[in-house]
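For reference, the structure discussed in these notes is given below.
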Amino acid sequence: MNKTVALHTLGCKLNFSETSSIGRLMENDGFEKRNFDEVADVYVINTCSVTENADKECRTLVRRIQRKAPEALVVITGCYAQLKPKEIAAIPGVDLILGAAEKFSIVQHVKEITKGDSTKICSCDIEDVHEFTASHSINDRTRIFLKVQDGCDYNCSFCTIPMARGKSRSDSINNVIENVEAIAKQGAKEIVLTGINLGDFTSPLSSLQNPKSESMAKDNKKIEGNFFSLIKELDKITGIERFRISSIEPNLLSNEIIEFVSNSKRFMPHFHIPLQSGSDKILGLMRRRYKKDLYKERVELIKTMMPHCCIGVDVIVGFPGETDEDFMETLNFLHQLDISYLHVFTYSERTNTLAADMNSVVPINIRHERNKILRNLSYQKMQYFTNAHIGETRNVLFETKNKNGLMEGFTDNYIKITTSYNANWENKIIEWKI
């Protein structure tokens, strides 16, 4: 019988795309996929390390596997594995730890270990990680997450991502086109472009060799450029009906990108733009590369060109030095902005970051109170945004899942629609009156 593998993702959409690619590597080697709550021969946890909760969740999952399948191999990869491999190795039951440069060599590494051996750590200095490895989800969701960029050259004072992911690096535009055309042939309707710092996408200058995609084969030329160049090329591909841009920094979200999306039939009216704080004082301490006025300008331009556009916002509460006045400044700023929802993060100290050594630490209970206030605001914002579109007819892409007789889908501007399950609507774009 074939061996079985179960995979679990912690963290961002980019992690989700990488987990899917790792799963396909295992399947290509003969492994059969299992759900993570089922018994399997190998368990793979692709970790995040943005918050302390992500670290704790990894440890909890390992303990759960030990109770359920004590003879199974446990593999940990992802950001937590790159940052703290020795800490993970101390968790009972972990057999293999794969750093940033080794995660896509998982098949080879799994073959070389036996349950009961001492924990094997396969990692390297993050400064030695230079290669870009494309990845995408497929057959997991109707919306496909396609990684086109990795790493980050920014050094925000709270963030461990540059230490976990390395320098910013990107796929070539030609390779992205090739991957998109391949995904289109498998029937996907929507692709979400993902990256650690997506707006920093820069197509490598290497020469084009042996183009495989239909569009490249026509003229056999290399396409170079930045993120704006990439989305212009993708907009020409007819096989995919929808593209979304995942999180993009406000200082990299140019006016030309906003204008282009407003005129595109394939790029959806939906942006996710990290803010982190509505206080210029706190933004400075965070070492962010913009001030709140620039953020406001971006939101206002989007809403001028696309009044129906959905805008999501990342915010961190409880950063060192954030006084009650600073928090109220953020709260009032967000109240005034025409945004649609928030992703709220409670600040947690991360080793080897500048913020970890800052004074004026905000007590944990106050951090949690501020988180709750902003989550309530997020609910109100989303209700207001949704209510503004009631009665409109918009296109909805329904996902291929039957959830207790119900199915879900998203409008072009990211309003979730739930209705009775209809097999004929799976992975179909339906005109829908909200």
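Quick note: the coordinates plus some simple rules give every number you see, no bench work behind them. Please read these numbers as outputs of a predicted model, since none were measured by experiment. Here Cβ is always computed from backbone atoms with ideal geometry, including for glycine, and neighbour counts include all displayed protein chains.
Brief remarks follow.
- Order by protection proxy (mean Cβ within 10 Å, highest first), peptides 155-165, 72-82: 72-82, 155-165
- Normalising the average separation of contacting C-alpha pairs (under 8 angstrom, six or more residues apart) by the number of residues puts the relative contact order of the chain at 10 percent.
- Between Glu32 and Asn395, the simple label model (points 7 Å from Cα in the Cβ direction) yields a spacing of 3.9 nm.
- Environment charge of Asp357, counting only residues whose C-beta is closer than 12 Å and scoring Lys/Arg +1, Asp/Glu -1: 0
- Sparse packing (at most 14 other Cβ atoms within 10 Å of the Cβ) combined with a DSSP loop state is found for the following trypsin sites (Lys or Arg not before Pro) in the stretch 366-420: Lys401.
- Proximity of backbone amide H atoms, modeled 1.01 Å from N, is registered between Tyr421 and Leu406, Met407 at under 5 Å, excluding neighbours fewer than 5 places apart on the same chain.
- Of Lys189/Lys381; Lys56/Lys381; Lys185/Lys236, pairs whose Cα-Cα distance is over 25 Å: Lys189/Lys381; Lys56/Lys381
- Pair Glu127, Asn387: separation of 7 Å Cα→Cβ label points (nm): 5.6
- Top of Ser203, Ser246, Ser420 by mean-square fluctuation, Gaussian network on the chain, Cα under 10 Å: Ser420
- For the peptides 298-309, 167-178, the ranking by mean Cβ contacts within 10 Å, running from highest to lowest, is 167-178, 298-309.
- Net charge dipole size for the stretch 393-433 [Lys, Arg +1 and Asp, Glu -1 on Cβ; Debye, nearest 20]: 100
- In units of the rule-of-thumb radius 2.2 N^0.38 Å, the stretch 393-433 shows an alpha carbon radius of gyration of 1.01.
- Normalised convex hull volume, the stretch 286-434, alpha-carbon set, Å³ per residue: 155
- Cβ distances below 4.7 Å define possible disulfide partners, and in the chain the cysteines left without one are Cys12, Cys48, Cys58, Cys79, Cys122, Cys124, Cys152, Cys309, Cys310.
- Where labels lie 7 Å past Cα in the beta-carbon direction, separation of Ala423 and Arg67 in nm: 3.8
- Cα gyration tensor shape of the stretch 4-128, rounded if a/c is under 1.5, else prolate or oblate by comparing a/b with b/c: rounded
- Across the chain, Cα-Cα pairs more than 41 Å apart make up 16 percent of the total.
- Residues Leu252, Leu98, Leu234, Leu294 arranged by fewest to most Cβ contacts within 10 Å: Leu294, Leu252, Leu234, Leu98
- Of the trypsin sites (Lys or Arg not before Pro) in the stretch 257-289, those whose Cβ has at most 12 other Cβ within 10 Å and which sit in DSSP loop: Lys265
- Each residue of the stretch 57-62 is assigned a 3J(HN,Hα), and the resulting list reads 5, 4, 5, 4, 5, 5 Hz, derived from the Karplus form 6.51 cos²θ - 1.76 cosθ + 1.60 (θ = phi - 60°), x at Gly and Pro.
- Where both bridge residues fall in the chain, DSSP classifies roughly 30% of the beta bridges as antiparallel.
- Each helix, a run of at least 4 DSSP H residues, gives -39500 (n - 2.57); summed and divided by the residues of the chain, these come to -10000 deg cm²/dmol at 222 nm.
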